[in-house]
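The values are calculated or read from the model by the stated rules, or taken from the named source; none is laboratory data. All values reported here derive from a predicted model rather than from experimental measurement. Glycine gets a Cβ as well: all are built from the backbone with ideal geometry, and neighbour counts include every protein chain shown. Accessible surface is based on the protein model in full, side chains and every heavy atom, while ligands, DNA and RNA are left aside. Shrake-Rupley method; radii C 1.70, N 1.55, O 1.52, S 1.80 Å.
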Amino acid sequence: MNQAQRQIRIRELLEEREFVDLETLCGELGASESSVRRDLARLEQTGVVKRVHGGALAVQPRGHLLDYNWQRERQTDEKHRIGLCAASLIADDQTVILDGGSTVAAVAEHLANRSLRVITNSLAIVRVFHDSRNIDVTLTGGFLFPRLETVLGPLCEHMLAAVAADVLVMGIGGVTADGFSNNNTLVVGSERKMIEVSRKVIIVADSSKFGRAAMTPLAPLDIADTVVSDVNLAPEHREMLERAGIEVVLV
């Protein structure tokens, strides 16, 4: 693959995935890291991509999987029920990490009048708690991912490594027997750190997320203590979770 072909392929990958890390680019292109860095530098000069720590971002992505506003309009009834149920599993005065994403934001809406300490990387969730007098909110640092309304990357992960939480509430891009996955390597990096520092993990995901894998593997099924989903979850997917020792709650 020559330089022009590599740059075309880089643009295709970034338009599809929005962020791609350097290691993945080298593997997809069959090229050395130095060659890929030069390609990214050239594409950045033309305004097509933006280089960030560990990879590159598309300036004008085509996909919608990484668009918070698009996510927010999907499965709204299911997300409301899931949010109400998941919020009931959290006790007052706990320290809770709330991941980004529209389903977790639905959980946050049902926590607004509770007494909690919340750690989040989500600007949307910070807005939910803007007027709350009983919730102490800590927003992680990191690289702002505008369409997802989250902050991500090494600074976010470094901050998360310095805390401990009673509960993590996390959304997900896909669930199969191989485990949980999500649609972006930056998102997965922060979520792995959230899992590491939390004593209990609650996954919130509507039934459309099951039976398919998202782009980037995150973790095996047994990292979750509880999965909250909707009543349309297929019996085989419920059995898959229960075999992994997970409490399954359907609403």
Condition check for ASN183: within 30 Å of GLU239 (Cβ to Cβ) and touching a helix residue (DSSP H, G or I) at 6+ places or on another chain (Cβ under 9 Å)
yes
Which residues, counting only those in the stretch 207-243, are of a type in the set (Asp, Glu), in contact (Cβ under 8 Å) with a residue 12 or more places away in the chain and farther than 17 Å from LEU89 by Cβ?
ASP222
Considering only the stretch 88-101, state which residues are open to solvent by less than 10 Å² (accessible area, probe 1.4 Å) and over 23 Å from VAL188 (Cα atoms).
ILE90
Out of (1) closer than 25 Å to LEU89 by Cβ; (2) surrounded by 19 or more Cβ atoms within 10 Å (Cβ to Cβ); (3) in contact (Cβ under 8 Å) with a residue 60 or more places away in the chain, the odd one out for PHE180 is which?
(3)
Among residues of the stretch 183-202 being in a helix (DSSP H, G or I) and hydroxyl-bearing (Ser, Thr, Tyr), the residue least open to solvent (accessible area, probe 1.4 Å) is SER190
Which members of the stretch 229-251 meet the condition of being open to solvent by less than 60 Å² (accessible area, probe 1.4 Å) and part of a helix (DSSP H, G or I)?
HIS237, MET240, LEU241
So is ALA41 more than 21 Å from ASN182 (Cβ to Cβ) and assigned to a loop (DSSP other than H, G, I, E, B) or not?
no
Six or more apart or on different chains, Cβ atoms under 8 Å: show the pairs whose first residue is in the stretch 13-27 and open to solvent by 10 Å² or more (accessible area, probe 1.4 Å) and whose second is in a loop (DSSP other than H, G, I, E, B) and of a type in the set (Ser, Thr, Tyr).
CYS26/SER32
Among the residues of the stretch 35-47, is there at least one that is touching a residue at least 40 places away in the same chain (Cβ under 8 Å) and under 28 Å from the mean Cα position of the chain (by Cα)?
no
Considering only residues that are under 23 Å from GLU157 (Cβ atoms), open to solvent by 50 Å² or more (accessible area, probe 1.4 Å) and assigned to a helix (DSSP H, G or I), which ones fall in the stretch 102-126?
LEU123
In the stretch 127-175, how many are at pLDDT below 95, hydroxyl-bearing (Ser, Thr, Tyr) and open to solvent by 10 Å² or more (accessible area, probe 1.4 Å)?
1
Out of the residues in the stretch 44-63 that are open to solvent by 60 Å² or more (accessible area, probe 1.4 Å) and part of a loop (DSSP other than H, G, I, E, B), which is modelled with the lowest pLDDT?
ARG62
